[in-house]
Amino acid sequence: MALDDGLQVDFLILADYAEAVNGKLYLMGGAWDRIGVRDAGQPMRFGVAVGVLVPWTATNQNHVLRLTLEDMDGTEHGVVVESTFVTGRPPELRPGSNQRVLLAVNTLMPPPAPAEYALVASVDGDERRRVVFTVIQA
């Protein structure tokens, strides 16, 4: 998954709620891989936490992070978020060091049918990580 540019999605976590504040991540009900929906006609609410490791050579450049929801056939079922980010080089950063960029998003998705899905994280158009989860009828 790590491509020539050295950018890595260090983690991709599903949660009931996610928040990134001052370089720290706060999760409620995090790291699940199954979610029950009571009414398949209602939208599904969930949070996502993402950590992107940006190497020294990729700082001071614009990058695009895109999170999409796919079924197991690879059919896209919506974009959770698309965001541009850039990280600089603070004066105290050791040359050659990576920096972690955190993103937390809470979303309301159209109602998915009970099945397996993947949340896919892409940076600059290249898939970097995916997490598979199952939606079940509760």
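Some points to look at:
- Filter pass, Val81 being at pLDDT 95 or above, closer than 19 Å to Phe133 by Cα and not in a helix (DSSP H, G or I): no
- Looking only at residues in the stretch 36-73 that are part of a loop (DSSP other than H, G, I, E, B) and either at positive phi or among the hydrophobic types (A, V, I, L, M, F, W, C) (or both), the one that is farthest from the chain's Cα centre (by Cα) is Ala40.
- Restricting Leu119, Leu108, Leu103, Leu69 to residues that are touching a residue at least 12 places away in the same chain (Cβ under 8 Å), loosely packed, with under 13 Cβ neighbours inside 10 Å and within 19 Å of Phe133 (Cβ to Cβ) narrows the list to Leu108.
- Exactly one residue out of Val123, Val86, Val37 is out of contact with any helix residue (DSSP H, G or I) (no Cβ under 7 Å at 6 or more places or on another chain) and closer than 17 Å to Leu12 by Cβ, and it is Val123.
- Counted residues, the stretch 1-35 - those being assigned to a strand (DSSP E or B) and either within 15 Å of Thr107 (Cβ to Cβ) or modelled with pLDDT under 90 (or both): 11
- The stretch 84-100, subset in a strand (DSSP E or B) and out of contact with any Pro (no Cβ under 9 Å at 6 or more places or on another chain), residue farthest from Val52 (Cα to Cα): Thr84
The values are calculated or read from the model by the stated rules, or taken from the named source; none is laboratory data. Since this is a predicted model, take the numbers as computed values, not measurements. Reconstructed Cβ throughout: ideal geometry from the backbone, glycine too, with neighbour counts over all protein chains shown.
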